[in-house]
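Okay, structure first, notes after.
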Amino acid sequence: LGSCLTHPLRAHAFCPSVRLGRARRHRRRPLTMSASAAANSVLPSFLQSRLGDLPSSCHPQLVEVYKKFTFSHEAFEAFEVNNGTLIAENIPVFQAFLEKELLAASKAAAGGAASGSSGRAGGAARRSGGSKPHASSLNAALGAALGLPGRSAATAAAPPAAASASAAADDAAASPEKLTTPGPKRPRQEEEDQLEASTPEPPRKQLQVSLKASVNDGIAIKGVGSAAPVQIEVLGDSTLWTGPRDGAFAWMDESLEDRAADRDRRLAEAEAGLIEAVRARHPEIEDLVVGTVGVPSQAEVVLCGRILCEGLEGRLNERSMLLEGSKTAARGARVQLNVSGCPQVAAFPGQLVAVLGRSGTTGTTFHARDFIAGLDLPPAPAPVAPSCTSLLHALVVSGPFCTRDALDYSPLRQALEHAVQSRPQVVLIIGPFVDANNRMIVNGEAILPGMSEEDEPLGFEDVYNEHVLPMLRKGILELKRVSPNSEVLIVPSLDEALSFHPMPQPPLHVGLAGCLPADSLEPLRRLGVQFLPNPAHISVNGLKISITSADALSPVLRSGLVLRPEERKIEQALRLLLQQRSLFPVLPRDPPQVSEARASALDFPDGAPPDVCIFPSASGSASGAFVDGRLFINPGPLCRPAAMGTFAELYLAPPASAGAGQGLLSERARVDIKSFAEAAR
């Protein structure tokens with residue numbers, strides 16, 4: 001609670017009267033009698049429903065636009081797909097859009113009439129300059145662009161008699177007297193998605209993508225783009241990140257006693273596995289004695305406990321190391337831990353360990369001769385994911401998706417375009433989408449590209465609804481059109497501006513439910529997007545993957561990692577995550593936004609290390625690394641504070657043929673770290 005209240009944006013969650021952002025768009029206003037009467041007599045129902053979102057002063061302007069162009073519902077939908085929701089400020093943009101489309105439709109109709117005529121009739125038509133373009137030509141062209149039936153280009157280029165009949169039918173359909181009520185929004189949207197997906201792909205400029213680094217680049221990646229279907233399963237207990245409050249759980253009622261009890265329960269559950277790790281390392285000891293922390297013993301015993309730092313704010317070192325026992329076995333007793341006699345040490349605050357040695361005469365110090373840094377790591381499975389009979393290709397992009405001082409989301413658009421071109425089977429998009437650390441968001445100055453400084457800043461929810469979500473929907477729709485079997489996964493972030501839940505975070509559509517309209521993310525769900533919690537543990541064709549948007553490596557390094565011998569610090573820190581069977585084992589919690597009652601969601605399901613761990617990290621550069629047969633991928637942020645960042649692509653070759661290898665992950669997995677060239681922005 002303290003960390004949330006001190007956050008410059010999280011505090012808004014507890015003050016409903018505080019407005020998110022300096023200003024918002026116009027709220028729904030009641031219509032005046034004159035504006036309402038004029039609108040009902042002129043505008044069709046699909047525009048009447050939008051008048052409530054516009055100030056009354058704009059109603060006559062919209063009526064004049066409709067009288068001039070008599071546009072249909074398809075034209076209105078086409079504008080909103082490309083330019084966002086119609087609001088007061090972009091009515092002139094809407095009018096310019098209609099004029100441009102009408103001109104294009106008239107040229108197409110004139111071209112069709114010229115090609116279909118011959119002889120004297122054709123010459124007369126050309127000399128007369130053709131007929132005046134009608135609004136039905138606009139509606140037909142826009143309908144064809146959306147892939148709607150009855151709105152094809154052939155209708156726009158029909159002979160004059162047929163064209164006039166079609167125009168009459170369009171005028172009759174658009175007239176207020178004969179207008180019928182549109183169908184329900186959801187079936188209509190599903191139909192448009194299906195029809196839009198069948199639209200032919202326009203020629204696309206090749207993106208400038210550069211390869212920054214590669215792991216196992218000798219593995220061939222033939223067959224990329226086939227997009228064979230994959231089976232995705234979410235692992236773990238879903239009750240840990242769900243609850244009765246619109247799918248979310250309550251988390252502000254945890255007392256200090258409850259948090260301490262939850263941590264102690266995890267220590268007590270790990271004691272048996274730690275003792276087995278000692279027996280496996282020292283098989284020569286037949287009668288292994290298990291001692292109690294704080295109880296003096298001159299005989300050699302094994303103690304299990306949690307590593308703590310003696311100073312409240314200092315960094316851990318060999319002289320400030322304490323061992324705390326569980327309340328069940330040792331009543332929470334603590335002793336000074338002397339590890340000078342241990343050949344190898346790898347320790348950090350919060351780590352669950354076992355030590356072998358003897359205590360002093362008073363029992364306040366324990367002199368260890370061996371330090372067991374966690375649970376034993378089982379051998380890497382071979383072969384990994386045997387059900388992957390063809391090449392598996394996954395694209396991983398992680399936010400932020402714009403630089404620190406701007407809200408330009410062109411890198412996200414480029415990433416979606418790259419997905420359309422490369423056609424991976426899995427597209428993993430990791431938040432934040434609206435970064436709470438962005439300077440424009442922190443200052444409440446949400447100005448998007450194309451807006452001037454005189455324009456009213458957007459509210460945070462407007463950035464989602466009018467910019468981020470439409471961009472995601474458009475990019476994913478194009479991907480589904482060229483590669484229907486591609487699966488899109490979205491993981492939220494603690495830095496999401498309107499998501500206030502601690503880890504484990506519920507899926508994005510649940511975390512944003514209280515801040516955005518209920519159906520804001522429904523178009524993405526209809527496209528097959530899977531919203532995952534944070535962290536998420538999944539299986540892709542049998543390949544076990546653990547994912548989080550938070551940095552799991554840096555907390556171990558900056559907590560005061562004690563290593564002997566001191567080498568390969570990053571590799572050892574990653575190994576400790578596997579030995580602790582958790583993505584975030586550091587105490588005090590880092591990041592601090594963790595619900596202790598549900599902290600088991602941060603552990604690997606069933607206590608088994610995954611095959612692949614994916615998380616962005618500020619420690620080191622974006623890369624892939626194999627540690628004890630497991631793969632760690634750091635895709636890096638797509639945008640750094642002032643420059644373009646990186647993303648990752650994972651390839652998993654099918655198991656090797658008999659006798660050609662064991663099918664280990666290190667023999668089959670390839671990781672490419674790529675970035676978009678600055679010129680492509």
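The values are calculated or read from the model by the stated rules, or taken from the named source; none is laboratory data. Since this is a predicted model, take the numbers as computed values, not measurements. Glycine gets a Cβ as well: all are built from the backbone with ideal geometry, and neighbour counts include every protein chain shown. Just so you know, the surface numbers come from the protein's heavy atoms only, side chains and all, with ligands and any DNA or RNA stripped out. Shrake-Rupley method; radii C 1.70, N 1.55, O 1.52, S 1.80 Å.
Scaled against 2.2 N^0.38 Å for its residue count N, the alpha carbon radius of gyration of segment 344-386 is 1.75. Across the accessible surface of segment 484-555, with the other protein chains kept in place and a 1.4 Å probe, carbon and sulfur atoms take up 48 percent. Given a 1.4 Å probe and every protein chain left where it sits, what share in percent of the accessible area of segment 340-420 is carbon and sulfur? Ligands and nucleic acids excluded, carbon and sulfur give 55 percent.
Across all Cα pairs in segment 509-548, the calculated P(r) in 5 Å bins from zero up to the longest distance comes to 6, 21, 19, 21, 17, 11, 5, 1 percent per bin. Ligands, DNA and RNA aside, residue 219 has an accessible area near 30 Å² when probed at 1.4 Å.
Per residue, segment 489-640 exposes 29 Å² of solvent-accessible protein surface, assessed with a 1.4 angstrom probe and all protein chains in place.
Under 5 Å between amide hydrogens, built in the peptide plane, is the criterion, and for residue 297 it picks out 359 among residues at least 5 positions away or on other chains. Semi-axes of the equivalent ellipsoid of segment 538-657 are 22, 19, 16 Å, computed as sqrt(5λ) over the eigenvalues of the C-alpha gyration tensor in descending order.
Each residue of segment 592-601 was assigned a 3J(HN,Hα) from its phi angle through the Karplus expression (A = 6.51, B = -1.76, C = 1.60, θ = phi - 60°), giving x, 7, 9, 8, 5, 5, 10, 5, 5, 5 Hz with x at Gly and Pro. Highest average first, the peptides 269-279, 545-555 ordered by how many other beta carbon atoms sit within 10 Å of their residues are 545-555, 269-279. Taking one equal scatterer on every alpha-carbon of segment 362-444, how large is log10 of I(q)/I(0) by Debye at q = 0.15 1/Å? Ignoring solvent entirely, the Cα scatterers give -0.76.
The residues neighbouring residue 597, those whose beta-carbon lies less than 11 Å from its own, together hold a net charge of -1 under the Lys/Arg +1, Asp/Glu -1 convention. Apply the Kirkwood formula to segment 275-326: the hydrodynamic radius equals the inverse of the mean of 1/r over all pairs of different alpha-carbon atoms; give it in Å with one decimal. Kirkwood radius, segment 275-326: 12.9 Å. Applied to segment 359-370, the Karplus parametrisation 6.51 cos²θ - 1.76 cosθ + 1.60 on θ = phi - 60° returns per-residue 3J(HN,Hα) values of 8, x, 5, 8, x, 8, 10, 10, 9, 8, 10, 8 Hz, with x for Gly and Pro.
In this structure residue 100 has an accessible area near 150 Å², from a 1.4 Å probe over the protein heavy atoms. Per-peptide packing, taken as the mean over residues of other Cβ atoms within 10 Å, places 479-491, 447-459, 303-315 in the sequence 479-491, 303-315, 447-459 from highest down. For residue 403, the amide hydrogen comes within under 5 Å of the amide hydrogens of 408, counting only partners 5 or more places away or on other chains and with H modelled in the peptide plane. Per residue of segment 236-252, in order, report the coupling 6.51 cos²θ - 1.76 cosθ + 1.60 (Karplus, θ = phi - 60°) as ³J(HN,Hα) in whole Hz, putting x for Gly and Pro. Result, rounded to whole Hz: x, 8, 5, 5, 6, 10, 10, x, x, 8, 6, x, 10, 10, 8, 9, 8.
The length gained on full extension between residue 481 and residue 558, counted as 0.36 nm times the residue separation minus their Cα-Cα distance, comes to 23.2 nm. Distance between the pseudo-spin-label points of residue 89 and residue 265 (7 Å out from Cα toward the beta carbon): 5.0 nm. Extension gain, residue 275 to residue 377, is 35.3 nm, computed as 0.36 nm per intervening residue step minus the present C-alpha separation. Estimated at 0.36 nm per residue, the fully extended path between residue 208 and residue 57 surpasses their Cα-Cα distance by 49.7 nm. Taking only the C-alpha atoms of segment 235-328, the Rg (one decimal) and the largest Cα-Cα distance, Dmax (whole number), read 18.3, 57 Å.
Close amide H partners of residue 214, meaning residues 5 or more places away or on another chain with modelled amide H under 5 Å apart, are 673. If R0 is 35 Å, the Cβ-Cβ spacing of residue 390 and residue 522 corresponds to a FRET efficiency of close to 0.60. Per residue, the solvent-accessible area of segment 211-331 (1.4 Å probe, heavy atoms of protein chains only, all protein chains present) comes to 62 Å².
Of 217, 287, 258, the order by accessible heavy-atom surface (1.4 Å probe, DNA, RNA and ligands excluded), from most exposed downward, is 287, 217, 258.
With the largest listed first and rounded to whole Å, the semi-axes of the equivalent ellipsoid of segment 398-522 from the Cα gyration tensor are 24, 18, 13. In this label model, residue 421 and residue 238 are separated by 3.7 nm, measuring between points 7 Å along each Cα→Cβ vector. Across all directions, the average projected area of the convex hull around the alpha carbons of segment 304-402 is 11.9 nm².
Measuring nothing but protein heavy atoms, the accessible surface of segment 556-681 at 1.4 Å probe radius is 50 percent carbon and sulfur.
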